[in-house]
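Below: one structure, written as structure tokens.
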Amino acid sequence: MKNHQPKNQPLGGNVHPRFSGPGTFMRLPSTDDLKGLDVAFLGIPMDIGTSWRSGTRFGPKQIRAESNMLRPYNMWTKAAPFDHLNCADIGDIAINTFDLKDTVIRIASFYEDLLKYPLVPMAMGGDHTLTLPILRSIKKKYGPVALIHIDAHADINDEMFGEKIAHGTPFRRAYEEGLIDPNLVYQIGVRGTGYSARDFDEARDWGFKVIQAEEIWHKSLLPLGERVKNDLRHSPVYISFDIDSLDPAYAPGTGTPEIGGLTTPQAIELIRSLSGLNIVGCDLVEVSPPYDPSGNTALTAANILYEMLCILPNVESK
Ligand code: MN
Ligand code: MN
């Protein structure tokens, strides 16, 4: 444990009604002082990398709003993240909504400052373009990392409409740039229709383990989680969770929905089974509130972020 100072706590629902008070993630304190933080929640409100429906610029705001119902203790795993980790919401990165390339530079530069501190950044997106600049900064600190990428899409296009930077290209760029160790990459939940029958196989040739959704239909994800954990246990690990990995029945509020996806319990099982890995950063992307009339997608995203918080190093569980 890094320090014994009192830890930041989410504002309790018996202190201030949950429908009021601060609009931060889980109603944690808001700060721009990174000293002493173990975990920094932040928003990256962007949708200019999307190719179909937009709206993810409103993702962080809505995930924060729905997170206000979350309580601090995990009733199944017994994880008590706020007993052990000093957490805060550090606000949003000021992206340039008129320029995707400049936005990518802004995200990388923000992360380089952030990663001068010994903390785990947990980003709320935003479209999936944002993972590329994050991985660029993560590599400068940790070297090439292991990656757990949970998504309906492989996001390994070479170009989209002639552009190298877009929400469907980050993991090809990450592979080309050596930001990730290709033999320590799991892509989980990919499915649907492709541009060619080999769309998922190219990454397999690079070394990625690609688990198509059909392989895990109707199954517990605990065995897969155990396999992932065993394979990645010696490396720093980054987790990128695209909410469209879930079936649109569970998470309709997203830009490029694909039928036949993960269930909510499968997503929770998968995240919980990764406890014990050396996780150095996480993101939760592609929540599009305009397509989420019930708020359920943002609520699910907030809970998945919480589950990721509960498996970070130093969080004690039973
Ligand atoms: Mn994606
Ligand atoms: Mn996707």
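So, Leu246, is that one hydrophobic (A, V, I, L, M, F, W, C) and either more than 27 Å from Leu179 (Cα to Cα) or within 16 Å of ligand 1 (Cβ to nearest atom) (or both) or not? So Leu246 fits the description; yes. The condition of being of a type in the set (Val, Ile, Thr) and free of Cβ contacts under 8 Å to residues at least 40 places away in the same chain holds for only one of Val15, Val39, that being Val15. Here Ile165 clears all of (1) assigned to a helix (DSSP H, G or I); (2) among the aliphatic types (A, V, I, L, M); (3) within 16 Å of ligand 1 (Cβ to nearest atom) except the condition numbered (1). Does Ala197 qualify as being touching a residue at least 40 places away in the same chain (Cβ under 8 Å), hydrophobic (A, V, I, L, M, F, W, C) and in a loop (DSSP other than H, G, I, E, B)? Judged against the criteria, Ala197 is not a match.
Listed by position, the helices (runs of 4 or more DSSP H) contained in the range 211-318 that have at least 1 residues being surrounded by fewer than 24 Cβ atoms within 10 Å (Cβ to Cβ) and small (Gly, Ala, Ser) are 213-216, 222-232.
Restricting attention to the range 176-194 and to residues that are under 22 Å from Glu258 (Cβ atoms) and under 21 Å from the mean Cα position of the chain (by Cα), the residue that is surrounded by the most Cβ atoms within 10 Å (Cβ to Cβ) turns out to be Gly189.
Here Leu119 meets each of (1) of a type in the set (A, V, I, L, M); (2) surrounded by fewer than 23 Cβ atoms within 10 Å (Cβ to Cβ); (3) within 16 Å of the chain's Cα centre (by Cα) with one exception, condition (2). Scanning the range 211-227 turns up one or more residues that are within 23 Å of Thr297 (Cβ to Cβ), β-branched (Val, Ile, Thr), more than 13 Å from ligand 2 (Cβ to nearest atom) and touching a residue at least 24 places away in the same chain (Cβ under 8 Å). Taken over the range 228-250, the residue count meeting the criterion of being among the hydroxyl-bearing types (Ser, Thr, Tyr) and more than 15 Å from ligand 2 (Cβ to nearest atom) is 2. Applying the criterion of being more than 14 Å from Asp242 (Cα to Cα) and in contact with a strand residue (DSSP E or B) (Cβ under 7 Å, 6 or more places away or on another chain) to the residues of the range 275-298, the residue that is farthest from ligand 1 (Cβ to nearest atom) is Asn278.
For the range 221-238, the criterion of being within 24 Å of Trp52 (Cα to Cα), modelled with pLDDT of 95 or more and within 16 Å of ligand 1 (Cβ to nearest atom) is met by no residue. Among the residues making up the range 89-113, those that are closer than 18 Å to Asp38 by Cα and surrounded by 21 or more Cβ atoms within 10 Å (Cβ to Cβ) are Asp89, Ile90, Phe110, Tyr111.
The values are calculated or read from the model by the stated rules, or taken from the named source; none is laboratory data. For clarity, every value in this text was computed on a predicted model and none was experimentally measured. Here the Cβ is made from the backbone with ideal geometry for all residues, glycine too, and neighbour counts use every protein chain on show.
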